[in-house]
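To keep things clear, I will list the structure first and then write my remarks on it.
The values are calculated or read from the model by the stated rules, or taken from the named source; none is laboratory data. Since this is a predicted model, take the numbers as computed values, not measurements. Heads up, the Cβs are rebuilt from the backbone with ideal geometry, glycines too, and the neighbour counts pull from every protein chain shown. Surface areas here come from the heavy atoms of the whole protein model, side chains and all, with no ligands, DNA or RNA. Shrake-Rupley method; radii C 1.70, N 1.55, O 1.52, S 1.80 Å.
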Amino acid sequence: MEVKIGVQHAPREIVLESGQSAEEVERLLAEALAGKAQLLSLTDEKGRKVLIPADRIAYVELGEPATRRVGFGAL
C-alpha cells in the first residue's frame, strides 16, 4: 500500500510502498501521536525502515492496497 507522510517545515512529502496493512500503519501512527513512541517507524516493501519524529508529522495519507500488474496491458 502507498503511504504519504507530510512533515512540518519540509517542502516535500515522504512517499513509500509499505507491505504493512492499513490497520498496522494506523496503530503505529496512533501510538506515535499519543506519545507512546517518539518516532513513527514504517518498513517499505524492500525492508528499509523509515523513521519520522512524531512531533513533526503534519499528515498521513493511506492509499489503497495495489495489486501488482504484469505484462504490456499494465500501462
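Quick one: if the Förster radius is 22 Å, what FRET efficiency do Arg12 and Lys36 give, using the C-beta to C-beta distance and rounding to 0.05?
After rounding to 0.05, the efficiency reads 0.20.
Pull up all non-local amide H partners of Leu39: gap of 5 or more, or a different chain, and H-to-H distance under 5 Å with H placed in the peptide plane.
Under 5 Å from the amide H of Leu39 lie the amide H atoms of Ala54, each far enough along the sequence or on another chain.
Working from Cα positions, state the angle (0 to 90°, nearest 10) between the long axis of helix 22-34 and the longest principal axis of the chain.
20 degrees
Based on the Kirkwood radius over alpha-carbon pairs, what value in µm²/s does the Stokes-Einstein equation return for the translational diffusion coefficient of the chain at 4 °C and 1.567 mPa s?
98 µm²/s
Roughly how many Å² is the accessible area per residue of the chain, as a whole number, for a 1.4 Å probe?
75 Å²
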